[in-house]
Every structure is written in structure tokens, then in C-alpha cells.
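The values are calculated or read from the model by the stated rules, or taken from the named source; none is laboratory data. Given the structure is predicted, the values throughout are model-derived calculations rather than measurements. Cβ placement follows ideal geometry from the backbone for every residue including glycine, while neighbour counts extend to all protein chains displayed.
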Amino acid sequence: MAGVELLPKEYGYVVLTLILYCFLNFWMGFQVGKARKKYEVFYPVMYAIESENKNAKLFNCVQRGHQNSLELMPVFFVLMILGGIRHPLICASLGLLFTIARYSYFTGYSTGNPENRLNIGKYGFLGLLGLIICTISFGINLLLA
């Protein structure tokens, strides 16, 4: 496997961290599905309307917590994949921080009080910032090699 030999052995931690985030994403999706049944918000409606559903805010908080994580997923994956080539252990650690923060963000948001999403969830951006720095380092290293 010629391609695998080009990656550091520790890149496996990057891959496993990405898989962990995938499992988190699936779990959040299931939580949205449960909330749809509980609060009677049926497809294809993405968000409940408060004038039509007394539990709209509760459902929308669950839905928004998952949606926000989906919106950040492509950026997170690209930064992990690229930055992890040069800095696999640092990126895996930052990715784990980001994943834990996203779990906290989602569970806090799902309480129905949007402010709760920031308790630990706010630290996810530190993980992303670190991943950006690692990816910049990788890019600069390629240019200087």
C-alpha cells in the first residue's frame, strides 16, 4: 500500500477521531428523530413554528444543535485531514477536544435554553483554531520543502 506509507503511523489517531465525530453526528441525528416524535414535528418541516406548536422552542433547540454541528463538519474534516498529515497527534487531540465540545454544545442546546450550549461547547472553537494553525503549518512546510 504505497499511499499508506506516505502517512505517519500516528495518522491512525486522526482517522479514529474523525470516526468518533461521525458516531456523534449519528447520535445527534437520532436525538432529533426522537424530538420529532416527542414534540410532534413531522417531516418535511425542518423547524417548528411557535404559533403552531407549543413545544417549538424545545424542538428547534435540538434541531439547531445538530444543524450547527453539521454546518461545521466539512471545515472540521478538512482541517483534520490536512493538518493531521504533518501534526497527527496534535490534530487528533484538538479533534477530540472539538468532538467533546460539540457533544456538550448539543446536550446544552437540547435543554431548551440556548445559553447552555456554551458551557463547555464554547471551547470547540479553540480546537478549530488549533487545527487551522496545524493546517497552515502543513501548507507552509509543503512550500518550503
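Beta carbons closer than 6 Å, at least 6 apart along the sequence or on distinct chains, pair a first residue in the stretch 66-80 that is modelled with pLDDT of 95 or more with a second that is hydroxyl-bearing (Ser, Thr, Tyr) and part of a helix (DSSP H, G or I) for Leu79/Thr135. Can you tell me which of (1) surrounded by fewer than 19 Cβ atoms within 10 Å (Cβ to Cβ); (2) modelled with pLDDT of 95 or more; (3) of a type in the set (A, V, I, L, M, F, W, C) is the one Leu118 doesn't meet? All conditions are met except number (2).
Within the stretch 46-70, the set of residues being surrounded by fewer than 13 Cβ atoms within 10 Å (Cβ to Cβ) and under 17 Å from Tyr103 (Cα atoms) comprises just one member, Leu70.
Here Ile85 meets each of (1) touching a helix residue (DSSP H, G or I) at 6+ places or on another chain (Cβ under 9 Å); (2) free of Cβ contacts under 8 Å to residues at least 40 places away in the same chain with one exception, condition (2). For the stretch 1-29, a residue qualifies if it is under 15 Å from the mean Cα position of the chain (by Cα) and among the hydrophobic types (A, V, I, L, M, F, W, C), and the qualifying residues are Val14, Val15, Leu16, Leu18, Ile19, Leu20, Cys22, Phe23, Leu24, Phe26, Trp27, Met28. Taken over the stretch 1-45, the criterion of being surrounded by fewer than 10 Cβ atoms within 10 Å (Cβ to Cβ) and either of a type in the set (Gly, Ala, Ser) or touching a residue at least 40 places away in the same chain (Cβ under 8 Å) (or both) is satisfied by Ala2, Gly3.
Within the stretch 78-90, restricting attention to residues that are of a type outside the set (Val, Ile, Thr) and touching a Phe, Trp or Tyr at 6+ places or on another chain (Cβ under 8 Å), the residue that is surrounded by the fewest Cβ atoms within 10 Å (Cβ to Cβ) is Leu89. How about the stretch 48-107: which of its residues are of a type outside the set (A, V, I, L, M), over 10 Å from the mean Cα position of the chain (by Cα) and under 17 Å from Phe138 (Cβ atoms)? Of everything in the stretch 48-107, those that are of a type outside the set (A, V, I, L, M), over 10 Å from the mean Cα position of the chain (by Cα) and under 17 Å from Phe138 (Cβ atoms) turn out to be Gly83, Gly84, Arg86, His87, Pro88, Cys91, Ser93.
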